Amino acid sequence: MGRKRVMIVEDQREIARMVHSAIQLMDPSLDVVDTLSAEEASLELAEHGADLIVIDVRLPGISGLELVERWHIQNINIPVIVTTGFSEPAIRALAERLGVRAFFNKPLPMDEFLLAVRSILAGESFQPSEDRAAKVLTDLRQKLDADAAWLCQEGGQATHRAGDVLEVMEEDMEAVQHALAAILHRTVPFLGEVKEDPPSIISVSGEKRQMIVTPMPSGPSLVLFLSKPIAAQTLFDELTEAVHRLEKIFHTDRLMQEASSGVVPMPDWVQQTVGGGATEPEWNLAETSVESQEAKTFWDDAVLEAGGFLSPGKLTFEEAEKLGWAPDDGSITPYRVFE
């Protein structure tokens, strides 16, 4: 069985390189190819095929969605991930009507994007973490007939909600969560890290309702508001399942962190492309070396970026090789160039 092939259709070279590198780092066994336009993508697809296509909406000539629509009409059933810098809901709606498997606004949330790539290539459905976390809370609320199920960050902000409690103001919840986080922080040295299995449960019962707070290893806390009595074992079982599901959702970046041992932070230009809030993929520079063929590829790319020709007096790679100035295969100093 051949290597799975991912085609990136993106006319902005820096973004294409960033996406290419992130996918390759996530799974080095993948064959990743870049194309700069819809026309080039069509030729590449006809000649070599693909298992997944990552396509930008705005391209020179035919737009990404126009190309997806043509493939849709031609019954070319290759999974597509659409990326765009546009925020208009109509673009997303059109993409969904065309059956794309995932849709991302730029700057890309890299952990979510890579999860989509991994899931789709594995033949699985993909849901953004926001949707999946909301579903976990909705399921939990329905099973326990709770007034509300919230997911609160360490600072107390309720980032996901299923149901609501009118008497609880956002600032009140933040104060409660902040106080709980402070207590946990001070107890961790002699209790150890928060456990996922079995989960910790903090219960406060009042005249109106019961509040359940379950701190999670990844940082957030699961908060339940109950106005009806629930059997202790049922409550424990449902909370355990919910915590497991949420932890799986919010730990999707672990594979990237474990993908390499020798790592350095991404270059500044990549961080600016990805955006400050995104999870940063790591760049593995361990044992990086440049072979003769790689040097030739780098040289050819530089020529293309310069407009496809060399200035008078500049040597081609072949000429440098004839003069003995190109690197020998057996004596190459490891290095990496970030353009």
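On a per residue basis, segment 31-110 carries 50 Å² of accessible surface, using protein heavy atoms and a 1.4 Å probe.
Counting Cα-Cα pairs of segment 59-208 in 10 Å increments starting at 0 gives whole-percent bin shares of 9, 26, 27, 20, 13, 5, 0. The orientation-averaged projection of the convex hull spanning the C-alpha atoms of segment 1-40 amounts to 2.9 square nanometres. The trypsin sites (Lys or Arg not before Pro) of segment 189-231 that DSSP puts in a loop, and whose beta carbon has at most 16 other beta carbons within 10 Å, are K195, K208. Taking all protein chains into account, the per residue accessible area for segment 145-232 stands at 57 Å² (1.4 Å probe). A DSSP coil position with no more than 15 other Cβ atoms inside 10 Å describes the following chymotrypsin sites (Phe, Trp or Tyr not before Pro) in segment 1-110: F86. Computed in the context of the full set of protein chains, the accessible area of segment 195-237 at 1.4 Å probe radius has 53% of its extent on carbon or sulfur. For segment 3-87, rounded, prolate or oblate, judged on the Cα gyration tensor with a ≥ b ≥ c (square roots of eigenvalues), a/c < 1.5 rounded, else prolate if a/b > b/c? Verdict is oblate for segment 3-87. Rolling a 1.4 angstrom probe over segment 1-109 with all protein chains present gives an accessible area of which 51% lies on carbon and sulfur atoms. What is segment 165-245 by shape, rounded, prolate or oblate, if you read a ≥ b ≥ c off the alpha carbon gyration tensor as root eigenvalues and call it rounded for a/c under 1.5, prolate for a/b larger than b/c, and oblate otherwise? Here segment 165-245 falls in the oblate category.
What would the Debye equation give as log₁₀ I(q)/I(0) for segment 1-145 at q = 0.11, 0.17, 0.18 Å⁻¹, counting only Cα atoms as equal point scatterers? The Cα Debye sum returns log10 ratios of -0.42, -0.94, -1.05.
What the Cβ-Cβ distance of H244 and E193 gives, at R0 = 25 Å and to the nearest 0.05, is a FRET efficiency of 0.95.
The values are calculated or read from the model by the stated rules, or taken from the named source; none is laboratory data. What you see is a predicted model; the values in this text were computed from it and never measured. Counting neighbours? That spans all protein chains shown, and the Cβs are built from the backbone with ideal geometry, glycine included. The protein model used for the area step is the full one, side chains on, heavy atoms only, and it has no ligands, DNA or RNA in it. Shrake-Rupley method; radii C 1.70, N 1.55, O 1.52, S 1.80 Å.
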